[in-house]
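What follows is a short report on a single structure.
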Ligand code: PNS
């Protein structure tokens, strides 16, 4: 199979994450995954941590949808519970994750092994672009809500929803 003149593996890939909010690092990995795999399902986890996300599921999905409209083989959806169960439910062939640095590797390796043991599905890692190696959703949120400029780190649709939230005009549901 060829996409944009490049050979792709005809696979269904799932690219899971909290995306609270999506960053340019996430978008870069999504764009590169879309070149490698036939179909990419970007799956937002409903409850990533006990204390809950800052942005609602609807906001996170809207941010991702708006910044992936140029990628025809990418869909945005969400899942609850175990990723391994969701992977089986949608019959994904591979899980795709971004790796920013060696520090990400340890936890990602055990997660990938656990997901393979539960679902039989392997995780493929794409190295984040080095210009985004310091960018995380947590650091973006902290800087933004303390008044810092994160325009170079966050896709424009996400920045818009974040700005509305900061101005108090966009409430999560
Ligand atoms: O963007 P994040 O926070 O690094 O994404 C983490 C995510 C959502 C991929 C991970 O927390 C996850 O898969 N959660 C679903 C619950 C699950 O399957 N937990 C067991 C992992 S071995």
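The values are calculated or read from the model by the stated rules, or taken from the named source; none is laboratory data. Predicted model, so just to flag it, every value in this text is computed and none were measured. Note: ideal-geometry Cβ built from the backbone for every residue, glycine included; neighbour counts use all protein chains shown.
Of all residues in segment 132-173, those satisfying the criterion of being surrounded by 14 or more Cβ atoms within 10 Å (Cβ to Cβ), in contact with a helix residue (DSSP H, G or I) (Cβ under 7 Å, 6 or more places away or on another chain) and assigned to a loop (DSSP other than H, G, I, E, B) are 135, 150, 153, 154, 155, 170, 172. Determine, yes or no, whether residue 81 is within 11 Å of the ligand (Cβ to nearest atom) and either out of contact with any helix residue (DSSP H, G or I) (no Cβ under 9 Å at 6 or more places or on another chain) or free of Cβ contacts under 8 Å to residues at least 24 places away in the same chain (or both). Answer is yes for this residue.
Looking across segment 1-25, the residues that are farther than 19 Å from residue 87 by Cβ and either at pLDDT 95 or above or within 16 Å of the ligand (Cβ to nearest atom) (or both) come down to 20, 21, 22, 23, 24, 25. Candidates are the residues of segment 114-131 that are more than 14 Å from the ligand (Cβ to nearest atom) and part of a helix (DSSP H, G or I); the one that is surrounded by the fewest Cβ atoms within 10 Å (Cβ to Cβ) is 130.
Sort through 87, 94, 76, 40 and tell me the only one that's away from the ligand (no atom under 12 Å from the Cβ), more than 14 Å from the chain's Cα centre (by Cα), modelled with pLDDT of 95 or more and surrounded by 19 or more Cβ atoms within 10 Å (Cβ to Cβ).
Step by step, each of 87, 94, 76, 40 is checked, and only 94 is away from the ligand (no atom under 12 Å from the Cβ), more than 14 Å from the chain's Cα centre (by Cα), modelled with pLDDT of 95 or more and surrounded by 19 or more Cβ atoms within 10 Å (Cβ to Cβ).
Name the residue, out of 51, 60, that is free of Cβ contacts under 8 Å to residues at least 60 places away in the same chain and assigned to a loop (DSSP other than H, G, I, E, B).
Details: 60 fails: assigned to a loop (DSSP other than H, G, I, E, B).
Matching residue, one of 51, 60: 51.
Of all residues in segment 118-133, those that are touching a residue at least 60 places away in the same chain (Cβ under 8 Å) have Cβ atoms under 6 Å from Cβ atoms of residues that are in a strand (DSSP E or B) and surrounded by 18 or more Cβ atoms within 10 Å (Cβ to Cβ), 6 or more apart or on another chain, in 124/94; 124/96; 126/98; 128/98. Residues considered: 128, 133. Of these, the only one that is within 24 Å of residue 63 (Cβ to Cβ), at pLDDT below 95 and in contact with a strand residue (DSSP E or B) (Cβ under 8 Å, 6 or more places away or on another chain) is 128.
Please pick out the residue among 45, 29 that is at pLDDT 95 or above and within 20 Å of residue 156 (Cβ to Cβ).
Every option except 29 fails the conditions.
Within segment 11-22, residues that are at positive phi reach partners that are assigned to a strand (DSSP E or B) and more than 6 Å from the ligand (Cβ to nearest atom) with beta carbons closer than 6 Å, at six or more positions or on different chains, in the pairs 19/44.
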